[in-house]
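So the structure is just underneath, and the comments pick up after that.
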2 protein chains.
Amino acid sequence: MTPDEFREAGHLLIDWIADFRTSIEERPVLAQVVPGEVRAGFPSGPPERLATVDELIAQLDTVVLPGVTQVQHPMHFGWFPANASLASVLGDLVSTGIGSLGITWQSSPALTEVEEVVCEWMRELCGLSPAWRGVIQDTASTACLVAMLCARERASDFSQNRGGLQGEEHPLVVYASPQCHSSVPKAVLLAGFGIDNLRHVDVDPVTYALDPSALRAAMAADAAAGRRPAAVILGIGTTGTTAFDPIAACVEIAQEYGAWVHVDAAMAGAAMLLPEMRHLFDGIEGADSISWNPHKWMGTALDCSMYLTRDPEHLIRVMSTNPSYLRSAADGQVTQYKDWGIQLGRRFRALKLWFHLELDGVDAIRARLRRDLDNARWFADQVASEPGWRVLAPVPLQTVCIRHEPPGLDGDALDGHTLAWLDRINSSGAAFMSGSMLDGRWMVRVSVGVESTERRHVEALWRMIRDAASVAAGETAPA
Amino acid sequence: MTPDEFREAGHLLIDWIADFRTSIEERPVLAQVVPGEVRAGFPSGPPERLATVDELIAQLDTVVLPGVTQVQHPMHFGWFPANASLASVLGDLVSTGIGSLGITWQSSPALTEVEEVVCEWMRELCGLSPAWRGVIQDTASTACLVAMLCARERASDFSQNRGGLQGEEHPLVVYASPQCHSSVPKAVLLAGFGIDNLRHVDVDPVTYALDPSALRAAMAADAAAGRRPAAVILGIGTTGTTAFDPIAACVEIAQEYGAWVHVDAAMAGAAMLLPEMRHLFDGIEGADSISWNPHKWMGTALDCSMYLTRDPEHLIRVMSTNPSYLRSAADGQVTQYKDWGIQLGRRFRALKLWFHLELDGVDAIRARLRRDLDNARWFADQVASEPGWRVLAPVPLQTVCIRHEPPGLDGDALDGHTLAWLDRINSSGAAFMSGSMLDGRWMVRVSVGVESTERRHVEALWRMIRDAASVAAGETAPA
């Protein structure tokens, strides 16, 4: 494709995206397709002739878009807000269009240095001290794995430079709450610790936050048995209920054992941008690493995960390689982000964050986050004051965990009722929320925070929820 | 940013990218900036007022672009071709613009199923049997780590479900050639094997390909000592010289020990698209996993790495998580790519590969690869027939390893000469090549294959090289 062909097709696609974003509210939230339906809309073999952009646009309209669950839809309340602000879409376009190659500083000094700049801006906006250095990872899953690898190597005095974890006589142990995200046990297992060496520490039954006394007891028991407490992963805004594990207390205990503290604030980290919410993060300066995703609530397009470390030298020692074909005269004077993570080749991700901050502006982003917090509190108040309804956990942020508990329904029957009214709404396409387990029973998570979600959408959701629960209760009522 | 603001700014940026791509030949290849220069062009703190798109474009022009090493430049012969075809740029724009969230099938059925479709197309185009299933990873570094985690868990009978690698009595050992990419030892170390359990197996002194008899001897010695051969990583088109480790012979040996065979064809894999080159990959059906990067020579914009497995069930068992908040009624009927790699959140990467294949077309991609092979052979012929010049390794693909060896220069003096003429060209910005070590001495790698590189560019490079070497030889000649 020549630059002039790109110009023509690019204008068409920019307009197509603008039209799509304008019309998003007319679409179902949950994709209304059955398994295999999208695949069946494509030929089974590779294309044998050139397509036109118009043909691809038609295929996008008729086959692809109906198969996309619309997380940019104002009635999307599922999983977490996965905003992709249009300003960041443009920054990402520039990144891909430049076609920069991020392998070393020399291969793209701007890619490296703009990333340093925006990470520094973000550190300041989050109210973190200059002791932290940042890098953009793809996701919090990867960031957690990076943190566990750093913890493993610190606790084992760089076993990777010997026999690895193989043959270590005193097993390294990792601690997290049972409310931690699924990426946490995944990272622990991939890093080679083994499931036997992952402790799920008890949480407070009301706040669902990790109980520091339980952490202390677990670490003491392991140490007494000859095992080595290596890492604590704290959930700051856990996935299920946005609980905040108590950072300061846990850091103090972890430090007694020299254990690494990783703060997983994937969704909630955006709240650090709000001075009035910053107290929720008290103690975070004592952690060893932090990850949070601007690609969630804040709204920089996926993938953009901030990873902050207090000890870049340690990170570099864990990750570095220095083959002859990547050396240059600038080595030693510059940041080599290849040694700050798993991948060698990196995209110019800083551009989408830069565009987002410059074109949307920090003030507007903060105002939107505050709007979402207000909407969540309003919604929680409605639910709490409605007979038969419960808010199941504190609401420190924008996620409200609810259940409809009609008289006489409990146990599996209650689960059936919850899933019935949830499915009634989700399958209709009118709105989407996630079901999740809490204390062994299904509940519904209402995660507020899509860029386009205003109060009227939350009000409509609450009407929809009461109607659906009422219908479902009628259907499941004892005969 | 509203859709209408996006429309207006998007048109400006599409034109800006088209203009940039048109004018790329007028720019220096290697960025002519010193460390810190780009960073100094940005304010130290976050923006306090809204910027306009025009202001960001001015900043791109004056600060960012001068700091980008132009790997899309026709005189870029460094590292590897890192093509970002404009067709794939548009596909990526659509991906970001849709703002799809790839965490489960339900969160974006189209993201999952279009990825299945294009991976199946790519499998067919590469002449691989239907026994392979594909997934798009970000980079070959990640793909290699995924392969090593699969190998570790197969060889240890899922130690991650027990104590991990900790306390395993019989260490697992990995084998690779000393010519392997730096991501190989990195993956082995991150997976916890330890450097003591990575064997660098001898290569043939002429072809630089792994010597199967040395592999057999190393595995036998480890097995006799009570260690367990767990994995062999074969470089197919190694970074230094594009050597091809002998797949069929190595697979046979590995299978005797039940060791995993991972084929790292990051750059060279594109040659599988050419039937006449396919013999270089003979035996590949016996491997356990393959990775290669359409984001290199083939030209789908970074990041797009194909990972192929013969045993998706094993991959899923290593990687899977199934928390309540990600369950849906479709589970069991659909592919959950979150369980095919490290990340939970995934971009809609299939779109850029789909656009690339549809708008550029397989025939044109193949013709371009053949052009590059011809250009590399022509260049190698010129060097080989010029007195004082040597081609240091076979040229099976598009990379030519050369050295100028004037009479009387050897050892460190020869290294100094090589680096002097290389630096003279690179620092001028007129062209860029990578220096690399071979047999302990510096050489220059000429990696042909940028989308815009025609014969005339290779001819110009050869003139430039002879001139630079002549000047450097004059400066370094004994007095």
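Rule-based calculations on the coordinates, nothing more; no lab input. Please read these numbers as outputs of a predicted model, since none were measured by experiment. Positions of Cβ are generated from backbone atoms using ideal geometry, with glycine treated the same way; all protein chains shown enter the neighbour counts.
Summary of the geometry: segment A:1-63 and segment A:136-154, compared by the centres of their Cα atoms, lie 36 Å apart.
Inter-copy label distances for B:ASP282: 7.2 nm (label point placed 7 Å from Cα along Cα→Cβ; shortest first).
Label-point distances for B:ALA58 to the equivalent site in the other copies, using a point 7 angstrom along Cα→C-beta, read 4.5 nm when ranked shortest first.
The mean number of partner chain beta-carbon atoms within 10 angstrom of a residue's beta-carbon across peptide B:348-354 is 2.
Looking at segment B:403-479, which GluC sites (Glu not before Pro) are DSSP coil and have at most 16 other C-beta atoms within 10 Å of their C-beta? Provide the component values of the computation, followed by the final result.
Working: sites: B:GLU451, B:GLU454, B:GLU459, B:GLU475; in loops: B:GLU451, B:GLU454.
In loop regions of segment B:403-479 (DSSP not H, G, I, E or B), the sparsely surrounded GluC sites (Glu not before Pro) are B:GLU454.
The loop-placed chymotrypsin sites (Phe, Trp or Tyr not before Pro) in segment B:359-465, going by DSSP, include none that has at most 10 neighbouring Cβ atoms within 10 Å of its Cβ. Looking at the square roots a ≥ b ≥ c of the eigenvalues of the Cα gyration tensor of segment B:132-214, which shape do they give, rounded for a/c under 1.5, prolate if a/b is larger than b/c, or oblate? Oblate is the answer for segment B:132-214, as a/c is 1.5 or above yet b/c matches or exceeds a/b.
Within 10 Å of each candidate Cβ there may be at most 14 other Cβ atoms; applying that plus a DSSP loop requirement, which trypsin sites (Lys or Arg not before Pro) in segment B:1-77 survive?
Details: sites: B:ARG7, B:ARG21, B:ARG39, B:ARG49; in loops: B:ARG49.
Passing sites in segment B:1-77 are B:ARG49.
Quick check: from the Cα gyration tensor, does segment A:362-476 come out rounded (a/c under 1.5), prolate or oblate? If you can, show how the numbers build up before the last one.
Values: a/c = 2.16, a/b = 1.79, b/c = 1.21.
It is prolate, given that a/c is not under 1.5 and a/b is the larger ratio.
Inter-chain neighbour count for B:194-203: the average number of beta-carbon atoms from partner chains within 10 Å of each residue's beta-carbon is 3. D by Stokes-Einstein for the protein assembly as shown, Kirkwood Rh over Cα pairs, 20 °C, 1.002 mPa s: 75 µm²/s. With θ taken as phi - 60° and the Karplus curve 6.51 cos²θ - 1.76 cosθ + 1.60 applied, the whole-hertz 3J(HN,Hα) list for segment A:263-279 is 9, 9, 10, 3, 8, 6, x, 4, 5, 5, 5, 9, x, 6, 9, 5, 4 Hz, x standing for glycine and proline.
How fast does segment A:93-360 diffuse by Stokes-Einstein, in µm²/s, taking the Kirkwood radius from C-alpha pairs at 37 °C and 0.692 mPa s? Walk me through the intermediate numbers first.
Numbers: Rh = 19.0 Å.
Rounded, D is 173 µm²/s.
Using alpha carbon centroids, what distance separates segment B:71-116 and segment B:341-373, in Å? Value for the Cα centre distance between the two parts: 8 Å.
What order do you get for B:77-87, A:363-373, B:132-142, A:207-217 when each peptide is scored by the mean count of other beta carbon atoms within 10 Å, highest first?
On the way: B:77-87: 28.0, A:363-373: 17.8, B:132-142: 25.2, A:207-217: 19.7.
Put in order of decreasing packing, that is B:77-87, B:132-142, A:207-217, A:363-373.
The modelled label-to-label distance between B:ASP4 and A:GLU285, using points 7 Å beyond Cα along the C-beta direction, is 4.8 nm.
Working note: Karplus 6.51/-1.76/1.60 with θ = phi - 60° gives segment B:72-84 the couplings 8, 6, x, 9, 8, 10, x, 5, 7, x, 10, 5, 10 Hz, where Gly and Pro are set to x.
Packing, taken as the mean count of other beta carbons within 10 Å per residue, orders the peptides A:230-241, A:99-110 from highest to lowest as A:230-241, A:99-110.
Rounded to the nearest angstrom and ordered from largest down, what semi-axes does the equivalent ellipsoid of chain A get from its C-alpha gyration tensor (root of 5λ)? Working shown, then result.
Values: eigenvalues 264, 228, 86 Å².
Values for chain A, descending: 36, 34, 21 Å.
Restricting the count to DSSP beta bridges whose residues both fall in segment B:93-360, what percent are antiparallel, rounded to a multiple of 5? Before the final figure, lay out each step's value.
Numbers: 12 of 28 bridges.
Roughly 45 percent of the beta bridges in segment B:93-360 run antiparallel, per DSSP.
Once backbone amide H atoms are built at 1.01 Å from N, B:TYR175 has B:ARG199, B:ALA231, B:VAL232, B:ILE233 as its partners under 5 Å, excluding neighbours fewer than 5 places away on the same chain.
Entry note, the protein assembly as shown: the mean residue ellipticity at 222 nm calculated from DSSP H runs of n ≥ 4, each adding -39500 (n - 2.57), is -12500 deg cm²/dmol after division by the residues and rounding to the nearest 500. Computed 3J(HN,Hα) for segment B:90-107, one whole-Hz value per residue from the Karplus formula 6.51 cos²θ - 1.76 cosθ + 1.60 where θ = phi - 60°, is 5, x, 5, 4, 4, 4, 5, x, 5, x, 7, 10, x, 10, 9, 4, 4, 6, glycine and proline marked x. In this structure, B:VAL206 and A:ASN322 have a Cβ-Cβ separation that, at R0 = 22 Å, corresponds to a calculated FRET efficiency of about 0.20.
For A:ALA367, inter-copy separations between label points set 7 Å beyond Cα along the Cβ vector come to 5.4 nm, shortest first. Eigen-decomposition of the gyration tensor built on the alpha-carbon atoms of segment B:3-68 gives equivalent ellipsoid semi-axes of 23, 20, 6 angstrom, largest listed first.
Among the listed pairs A:LYS186/B:LYS352; A:LYS338/B:LYS296; B:LYS296/B:LYS338; A:LYS352/B:LYS186; A:LYS296/B:LYS186, those with a Cα-Cα distance over 26 Å are A:LYS186/B:LYS352; A:LYS352/B:LYS186; A:LYS296/B:LYS186.
Report the Cα centroid-to-centroid distance between segment B:163-193 and segment A:419-479 in angstrom, as an integer. Taking the Cα centre of segment A:419-479 as reference, the centre of segment B:163-193 is 48 Å away. For A:GLY102, the residues whose amide H sits under 5 Å from its own are A:ARG346, ignoring neighbours fewer than 5 places away on the same chain, with H placed 1.01 Å from N. Peptide A:62-68 has a mean of 6 when you count, residue by residue, the C-beta atoms of other protein chains within 10 Å of its C-beta.
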